[in-house]
Every structure is written in structure tokens, then in C-alpha cells.
Amino acid sequence: MKEPVPETGDKKLLRWTTIMESDAARKIWSEWYAWHPVLPIDDTVFWLETVYRRESPDGFWQYRSFRTESERRRASADIPLCPGA
């Protein structure tokens, strides 16, 4: 990618670099420990477990579990039918 030529000094170049870095960071999923309940876009609620997150273009956090379908079925089978069971 071609570097822009700063028109008003290094301040504009620094701003452009910061924007590019934040756009790249939004595409990367980073491992995160869900210390509060979160709802991944591909699974059910996670809490006190490891999930992956990234910042959406709107500035909100998106979460994913990256679990396989068989892992999801196994986890849902472990959920008790009655609370406290």
C-alpha cells in the first residue's frame, strides 16, 4: 500500500496510520476471557469461559466461540432441563 505524503506535517500522517491500524485490528479476533456474560454471533451465552472478540465498525465488541457443531451439541446436552437439577 502506498504511503500518503503528509500535507501539513507529521500530524496528518500519524492520524492516517492510526486509522489504518484500527481498521486492521477490527478484522483480527483476539482471545478473551468472558468475565461477564456475552452472546457470541455464532453460539449461545458464554460466561467465565474463553471466547474471541473484535471491534465492529460501529465501535461495539463482537464475540465468537469458534466451536464446532458437535461441541455445541455436546454443550447444549449438558444444560439441565430444570433449574437447580
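The values are calculated or read from the model by the stated rules, or taken from the named source; none is laboratory data. Computed from a prediction, not measured in an experiment: that's the story for all the values here. Don't worry about glycine lacking a Cβ; one is built from the backbone with ideal geometry, like all the others, and counts go over all protein chains shown.
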Completion exercise
Within the stretch 40-65, residues being surrounded by 13 or more Cβ atoms within 10 Å (Cβ to Cβ) and of a type in the set (A, V, I, L, M, F, W, C) number 2
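Each row is one residue, and each column tells you yes or no for (1) at pLDDT 85 or above; (2) not β-branched (Val, Ile, Thr).
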{"position": "Val5", "(1), (2)": "no, no"}
{"position": "Thr8", "(1), (2)": "no, no"}
{"position": "Leu13", "(1), (2)": "no, yes"}
{"position": "Trp16", "(1), (2)": "no, yes"}
{"position": "Ile19", "(1), (2)": "no, no"}
{"position": "Arg26", "(1), (2)": "no, yes"}
{"position": "Pro37", "(1), (2)": "yes, yes"}
{"position": "Ile41", "(1), (2)": "yes, no"}
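Hey, can you tell me all the residues within the stretch 43-84 that are part of a loop (DSSP other than H, G, I, E, B), among the hydroxyl-bearing types (Ser, Thr, Tyr) and under 12 Å from Glu31 (Cα atoms)?
Step one: list which residues in the stretch 43-84 are part of a loop (DSSP other than H, G, I, E, B), which gives 43-45, 47-49, 56-60, 65-68, 78-84.
The next check asks that each one be among the hydroxyl-bearing types (Ser, Thr, Tyr); those that pass are 44, 56, 65, 68.
Scanning the stretch 43-84 gives a single hit, Ser65.
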